[in-house]
1. Would you mind calculating the relative contact order of the chain from Cα pairs under 8 angstrom and at least 6 residues apart, reporting the percent as a whole number?
2. So what is the relative contact order for the range 237-370, in percent, with contacts set as C-alpha pairs under 8 Å and at least six apart?
3. Ignoring everything except DSSP H segments at least 4 long, calculate the 222 nm mean residue ellipticity for the chain; use -39,500 (n - 2.57) per segment, divide by total residues, nearest 500.
4. Starting from the Cα of Leu189, move 7 Å in the Cα-to-Cβ direction to define the label point; list residues of the range 220-248 whose amide nitrogen is under 11 Å from there.
5. Between Ser344 and Gln260, what length in nm is gained on full extension when 0.36 nm per residue of separation is reduced by their alpha carbon distance?
6. Please figure out what share of the DSSP beta bridges in the chain is antiparallel and state it in percent, rounded to the nearest 5.
7. For the range 280-346, state which trypsin sites (Lys or Arg not before Pro) are in a DSSP loop and have at most 13 other beta carbons lying within 10 Å of their beta carbon.
8. Can you compute the modelled spin-label distance between Glu285 and Ser439, with each label point 7 Å from Cα toward Cβ, in nm?
Amino acid sequence: MKIFRIILAAVLVLAVIIAVVFSGDRTGGNTEPADNGGAPSQAQEADAPGGDNEPEAELRRIETAADADEWISVFLGEHPEDLEGAYEMSPQMNSAVAQLGGLKAMAASLAQLGTLEKLSPAYEGTIQGYKAFHVPCKFSNMPVDIVLVVDNGAIAGLNTGPYTGSEEDESETPEGLVARDLALPVPELGGELGGTLTLPEGEGPFPAVVLIHGSGPNDRDETIMNQKPFKDLAEGLAKLGVAVYRFDKRTYVYGAAMAQDRSMTLEDESIKDAVAAVQLLAKQEGIDSSRIFVLGHSLGGNAIPAIAEALENAPVKAAGFIMMAASPRPLEVLVREQYEFIYSLLPNVTAEQQAEKDKVFADLDKLKDMDALPDDEAVMGAYVPYWRWLAEYDIMAAAKAIKKPCLLLQGEEDYQVTMTDFDMWKEALGDKANWTLISYPGLTHAFTAGKKTDGSSVYMKNEKVNGEVIEDIADFILTD
């Protein structure tokens, strides 16, 4: 199971995603050709006429990082079609490649990323129990990892992911700031989440803020294509005197293990770690433990009222809260609205695109009668207990119950959480003395410059979080 990501739902990244074709039962290395209606297989076509059967060439397998390097080099070269018939692929992969017009067409779909400038060596990892080779590729418009998924050597999937190559100019901490590695323990998973504490110049103690990610398996920078809003917030706020703690989300670090947890809810995914992060931050040198705030973005913003409630029972409580691009409406309503909007931007909707949309909406329709669904059924990548928890979560009532200072921010060009949501918050909370609500013309869901009509392509632009937003957050924290 893959936890859905509202920001980058599948239809929103057609320009970036090549394909994700490993699913269903694992082949276990048995890669018999799929039923093709009696047509000869590649091996059969290799038989010489007249019955003289020449030995068929053995298909190559991807066993090592060097094998992956060689495959990707050809795939991104002038003749990616040379790979077809040369490497073993799972039946699902064979079928997907055919449906997408062959490997040459799949490689051509990367054109919007720009010209390939740097190809880094592959390294091995895992995705949902499969071996996966990540190849960091720096294109002129947007760097990505191309991920080659294999099952016992047979190619089982091909997709893109966040760029993991070295970026010397971005890895350096700006002058005058201090960046400290600070891992967040997650004992129930037997490990920890990598994190970074960014501190202002000086001895402190400093007020601080913990950053809580939106939906999906986010890294500590909350990387969205070519934008890193949490990195921007950390460095921008630290320059203004606020320490910032950001960490990798547990679904990013332990995605495969969590995918097997059919009882997981937003509490398990984000809320527990938010509470633990506040406790950890309070123990750090240079931090004012009485002035720790929690900031949530998107689904992380939705979690803030629940986090506030949970922190009331913790040893260290938060001094206040910031919600960025949060919605009081049900998540399934937002998903439908986002799909409708994105499809309205398409000049022509293909039959395949319409089928994908219909499939998503049919999946969401299941949530109308959640009691009829078994707990182990996945809807949009999340099991029923996840959706049930959200349905029972009265976010507006929980927000009204918060007594600490709260700041709620909204981008007016956000098509994922819209001004409709902001107006609902204003009507419910606008007259409460502890709430401040601000909207920003010209800013998107990531609080970067853009327009709604750019759709998801806005995230391909190398934009940073707006300075006014960072200043407003700093003012809220420093003047509390």
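1. Details: 892 pairs, mean separation 66.7, N = 480.
Computed over the chain, the figure is 14 percent.
2. Values: 107 pairs, mean separation 23.5, N = 134.
It rounds to 18 percent for the range 237-370.
3. Details: 16 runs with 146 residues, N = 480.
The helix contribution divided over the chain gives -8500 deg cm²/dmol.
4. 248
5. On the way: separation 84, 0.36 × 84 = 30.24 nm, distance 3.56 nm.
Stretched fully, the Ser344-Gln260 segment lengthens by 26.7 nm.
6. Numbers: 37 of 63 bridges.
The antiparallel proportion sits near 60 percent.
7. Working: sites: Lys283, Arg291, Lys317, Arg336; in loops: Lys283, Lys317.
Those that pass, being in a loop and sparsely packed, are Lys283.
8. 4.7 nm
Every read-out reported here was derived from the displayed coordinates using simple, explicitly stated rules and does not represent laboratory data. From a predicted model like this one, the values you see are computed outputs, not experimental measurements. Ideal geometry is used to build each Cβ from the backbone, glycine not excepted, and the neighbour counts take in all protein chains shown.
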